[in-house]
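Notes to accompany the following structure.
The values are calculated or read from the model by the stated rules, or taken from the named source; none is laboratory data. Because the structure is a prediction, the values reported are computed rather than measured. In this analysis, Cβ positions are derived from the backbone assuming ideal geometry, glycine residues included, and neighbour counts consider all displayed protein chains.
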Amino acid sequence: MIELTARTPFDGLLPIEAGALRLSEAAPARMTSLAPYRGRDKALSEALKAAHGMAFPAPNRATGREGARAVWFGQRMALLIGPEPDAGLTEFAALTDQSDAWAVARLEGEGAAEALARLAPLDLREGAFKRGHTARTELGHMHASLTRISGESWRIMVFRAFARTLAHEMREAMQSVAARAGV
Amino acid sequence: MRIAGKGLIDRARPVGFRFDGHRYEGFAGDTLASALLANGIRVMGRSFKYHRPRGVLSAGSEEPNALVTTGLGPAQEPNVRATTLELHEGLMARSQNRWPSLGWDALAVNDLFAPFLGAGFYYKTFMWPRRFWERVYEPVIRRAAGLGALSGEAVTQKYERAWAHCDLLVIGAGPAGLMAARTAAEAGADVILVDEDTVCGGRLNAERLEVDGRPGAEWAAAMAADLAARPNVRIMTRTTVTGAYDGGVYGALERLAHDVAMRPGAPLECFWRINARAAVLAAGALERPVAFANNDRPGVMTAGAVRAYLNRWRVAPGRNVAVFGNTDDAHRTAADLVAAGVHVSALIDARPHARCDLDVPFYAGAQVCNAQGRHGLEAISIARASGIEKVQADCLAMSGGWNPTLHLTCHMNGRPAWNPDIAAFVPRDGAIPGMVTAGACRGDFSTRACLEGGARAAAQALETLGLKAPEADIPKAEDSAYDIAPLWAVPGKGRAWLDFQNDVTVKDVKQAAVENFRSVEHMKRYTTQGMATDQGKNSNVAALAVLADATGRGIPETGTTTFRPPYSPVAIAAMGAGAQGKGFAPERFTTSHAASVARGAPMIEAGLWYRPSYFPKPGETHWRQSCDREVGYVRGAVGIADVSTLGKIDIQGRDAGAFLDYVYTNTFSTLKVGRVRYGLMLREDGFVMDDGTCARLGEEHYLMTTTTAAAGQVMRHLEFVHQCLAPKMDVRFISVTEQWAQFAVAGPKSRALLDDLLDAPVGDMPFMGCGEVTVGGVAARLFRISFSGEHAYELAVPARYGDALFRELAARAEGLGGGPYGMEALNVLRIEKGFITHAEIHGRVTADDIGMGRMISAKKDCIGKTMAARPGLSEPGREQLVGLKPVGAVKELTAGAHLFEQDAQAVSANDLGYLTSVGFSPTFGRFLGLGFLRDGRERHGEVLRAVDHLRQTETLVEVQDPVQFDADGGRTRD
């Protein structure tokens, strides 16, 4: 039997550091899209709570905690990040494996929102985009999912095939911010 | 000449710089203009058309004369205003529009021909011969007239773009802006305070006025420091708001300080898009010159600029200065000069009732009517009731009053209103939704009125934000009345300049009126007034006042031209920052990219994707050799191709089958689990949108495949159909294009390869079957489908294993006498089989055109079915898909060639169709093509002309069935 070696999307591309900013790969073991069937939204949320401890997220919100999160992912859709989805969830929702479909990075450090402001048109001020807020947005011409994990820590997701472009765009933005800060 | 005193320069930090190659010294805090004046340099440029020597007119971004070029090669930047260019060590600036030198310019001869070069000269003179305009006249005129030039090299420095968001945007950090920002900050609003200067304060930095009992500049600095310390305030200096747009969006250009911009990774400039819930415009006012003969002599400056150079930069623009004005500003200027110890040779006040309490020669009710001294002012002529008197002066400070800087209020088509009390246009309220105006830009000219206005405007804006303004504490400040006697142009002989930058005089405007260009918009275009890089900031109002006078109308009746963004010039490099090179478009790489590149494959773009064109082998000198060899792999052994770029959509739900029946022309609800079916999709207008296969993975689970090109379009279409047309269907879908790395394993030895590779043999999977398999213990999907016409499979694994699997497949294929194949071979294989791509289904063809009319099921409805049944979409005379092969002397086919009868002329009236895809088929040893031909299905066997007008080639072709290889499909099914 042959052995296939697995490679992560940012293999050889990350981490990148610039001043106080650091972009690193945060490839989770498992990512599953949850799309509730007609009229099963509430039941799914309850099953999700029972199985994984978080409610189905409202639009532009993420629920759960480090290691097991549900991130709003589009119209009536969430991405379960971390755990292997409970088989019982299939009764209420279409589950699709997305573990390999996305390049996931974590941006952290002072000025992180400033670096993102070079690429995304969103209002990322602390008061407007709080911890646990998420958005599907444009990030330097790419479709992205952006989530504020904590004050200066962000989860950035783009299609796997865009990994190199994301690394390039983020490097430019991070270097600009670092240079302005004089570090 | 530098004078004693503090100002805003740092005398402890001398700065060396060069202008036109000569070395000079200035101080930190200087602009190039102030430093040149301090070094006694008065001529800083040549005028646009007449090449007249020009000195600096202003001390701000409105400067029309003192334009220089900085940098070399890719960094060369023309038309930089010396008045805003911060002095920094090593700065090298060059004057423009002169040859061989600024002091002696050969084209100054134009000035002698001035009587012939007035407005409309070019239009009247260079009318014929017509073709001479582009070839001869325009290049010559452009060389003779003009400003600085670009190097022609692509920019290599970094520029950036960024977004910012706030509750309140305050534009301008003078007294009004500072008060507005503090009022809003205290109310808890998120404030962005923007100013184009390097420091906050506006006019306070240029005057000797006191605010709150301390020097104005000091008060402004303290206010700025207080604001900067607040977490809800962001101060952006060196930033010009260039435009006001819909939805509270403002464009702004930030120039980074030189020392910051020089750091590695830092940009030179940043173009901001500021999203503000409300805005306060506190942009101040611009002083207007007075038109009199030779008022463009170097040394003639606006009075406000003279005060700025004196008070801020401690530079006396002359030793013997005359002052001319029509407001109390003239007296203020004279007083500042006297206080600085500069001799004032005359104070001329155009107001007859004016009085003077200074000890200087005073002329009330008089006007300056001429200026002498070609390379620098030497004397002025003063017209009084008693006659003309000549007075020595090497600098004239002139003031015709102030124009509120209301440009931004007009960016959404607002028109200003005329206020006769101040003889100026003022903005109308509500011209920009969410923006209120404050201070001098709305015609409040006293410092006290500006401070009050700023606080009031902020309170008004806060109310719309649902915030309450704190009680305003207005500092003590000067509150004098503005007393103006309108003065636009002094009568007399000689050319009196209105627009310094485009060399437009009073005479030109009058000439426009004489020739019936009476509308201000027509006058502008006829004379080019206001069309230079300063956009007429110094001249617009005076020019239209002269026009009003010449046409016997009032100023409000004459109206203004339209102010458009940008307020001041913005480099295209800043607007398009980051969008060149790698930033132009994102790159989408397959998991086999590195392995393909390692094999030397040239990668071609397919949308955003990069795919291998072919895989060259040593000794191959032409891509055709590689392509032919790779076609041979598939036809004779086994070939491997990455097909991951095809769109893959995971579809689940009770109504998944019904949903697919609705979007595809054919039926999918009857497809058995574990089987794949080819499907055709129509747009709502009945034309073909896309094709592909769809597999049934489970009772309520399908996997749709789209073409690479239409993957996004199909996904959008499905969302539209589900959300808008069939919202009650219980179906959910998501793209899994990126989840799976998928490879075609095609050819007679494909099954042998897979039997050996997979953890269990393929077994007897039928053609168009699918199922789950494992490879190296990894769960994978296997589809027995073929785009080559051979016995073939597609194997899909989670993308993390894509790289490893591709390398393994390619190596194993090579062991069986095959190998990887690229897009060129893939194309040849499908042309041989008559399979279509978007070269054929290009948006203008129907199902019937491609011979698939019967795929539109009669038993059910589908998107596009009704529209496809329209007469005309399937009737005789339409162009139908055919196969083509060359039969003439010329053996090459070209895609894009058009088809004609052999005896017909190759003109569009005789056009019968065209070739869409061609390729050299090593299987047949000749070119093969696909194309569309009028009534083509009935014309198999006919010989036609294929004429390529673009490449100028022609050949004879025989029409045949599109399926040219293995017509019965035996090889695919076996």
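The table that follows gives values for the structure above.
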read-out: Among (1) touching a helix residue (DSSP H, G or I) at 6+ places or on another chain (Cβ under 8 Å); (2) closer than 28 Å to B:PRO231 by Cα; (3) within 11 Å of another protein chain (Cβ to nearest Cβ), the one test that A:ILE156 misses; value: (3)
read-out: Residue that is surrounded by the most Cβ atoms within 10 Å (Cβ to Cβ), among those in region B:518-541 that are touching a Gly at 6+ places or on another chain (Cβ under 7 Å) and within 23 Å of B:ILE422 (Cβ to Cβ); value: B:GLN529
read-out: Complete set of residues in region B:787-805 that are touching a helix residue (DSSP H, G or I) at 6+ places or on another chain (Cβ under 8 Å) and within 10 Å of chain A (Cβ to nearest Cβ); value: B:VAL797, B:ALA799, B:ASP803
read-out: Strands (runs of 3 or more DSSP E) wholly inside region A:1-120 containing at least 3 residues that are more than 12 Å from chain B (Cβ to nearest Cβ); value: A:21-25, A:62-65, A:68-74, A:102-108
read-out: Failed item, numbered, when B:THR774 is tested on (1) among the β-branched types (Val, Ile, Thr); (2) over 21 Å from A:ALA161 (Cβ atoms); (3) part of a loop (DSSP other than H, G, I, E, B); value: (3)
read-out: Residues (touching a strand residue (DSSP E or B) at 6+ places or on another chain (Cβ under 8 Å), within 13 Å of another protein chain (Cβ to nearest Cβ) and either among the aromatic types (Phe, Trp, Tyr) or under 23 Å from A:LEU124 (Cβ atoms) (or both)) located in region B:252-276; value: B:GLU254, B:LEU256, B:GLY265, B:PRO267, B:GLU269, B:CYS270, B:PHE271, B:TRP272, B:ARG273, B:ILE274, B:ASN275, B:ALA276
read-out: Filtered residues of region B:1-22 (kept if more than 17 Å from B:MET92 (Cβ to Cβ) and either assigned to a loop (DSSP other than H, G, I, E, B) or among the polar types (S, T, N, Q) (or both)); value: B:MET1, B:ILE3, B:ALA4, B:GLY5, B:LYS6, B:GLY7, B:LEU8, B:ILE9
read-out: In region B:595-608, residue surrounded by the most Cβ atoms within 10 Å (Cβ to Cβ) [restricted to those that are touching a residue at least 24 places away in the same chain (Cβ under 8 Å) and not small (Gly, Ala, Ser)]; value: B:ARG599
read-out: Selection status of A:ILE149, touching a Ser or Thr at 6+ places or on another chain (Cβ under 8 Å), more than 11 Å from chain B (Cβ to nearest Cβ) and under 23 Å from A:GLU17 (Cα atoms); value: no
read-out: Criterion: assigned to a helix (DSSP H, G or I) and either farther than 24 Å from B:ASP628 by Cα or touching a Leu at 6+ places or on another chain (Cβ under 6 Å) (or both) - qualifying residue of B:ALA909, B:ALA904; value: B:ALA909
read-out: Residue check, B:THR670 without any contact (Cβ under 8 Å) to a residue 24 or more places away in the chain, within 25 Å of B:THR846 (Cβ to Cβ), hydroxyl-bearing (Ser, Thr, Tyr) and away from every other protein chain (no Cβ under 14 Å); value: yes
read-out: Enumerated strands (runs of 3 or more DSSP E) restricted to region B:60-163, each holding at least 3 residues that are more than 14 Å from every other protein chain (Cβ to nearest Cβ) and closer than 30 Å to B:GLY174 by Cβ; value: B:67-70, B:77-81
read-out: Complete set of residues in region B:378-418 that are closer than 26 Å to B:GLY202 by Cβ and in a strand (DSSP E or B); value: B:CYS395, B:LEU396, B:ALA397, B:MET398, B:SER399, B:TRP402, B:ASN403, B:PRO404, B:ALA417, B:TRP418
read-out: Tally, over region B:382-420, of residues that are touching a residue at least 60 places away in the same chain (Cβ under 8 Å) and on the phi < 0 side of the Ramachandran plot; value: 26
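The rows are residues; the columns are (1) aromatic (Phe, Trp, Tyr); (2) surrounded by 15 or more Cβ atoms within 10 Å (Cβ to Cβ); (3) without any contact (Cβ under 8 Å) to a residue 12 or more places away in the chain.
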position: B:PHE584; (1), (2), (3): yes, no, yes
position: B:HIS593; (1), (2), (3): no, yes, no
position: B:TYR610; (1), (2), (3): yes, yes, no
position: B:PRO616; (1), (2), (3): no, yes, no
position: B:CYS627; (1), (2), (3): no, yes, no
position: B:ALA641; (1), (2), (3): no, yes, no
position: B:GLY647; (1), (2), (3): no, yes, no
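This table checks each residue for (1) touching a Cys at 6+ places or on another chain (Cβ under 7 Å); (2) at pLDDT 95 or above; (3) farther than 30 Å from B:GLU938 by Cβ; (4) surrounded by fewer than 16 Cβ atoms within 10 Å (Cβ to Cβ).
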| site | (1), (2), (3), (4) |
| --- | --- |
| B:LEU805 | no, yes, yes, no |
| B:PHE835 | no, yes, no, no |
| B:ASP861 | no, yes, yes, yes |
| B:GLY888 | no, no, no, yes |
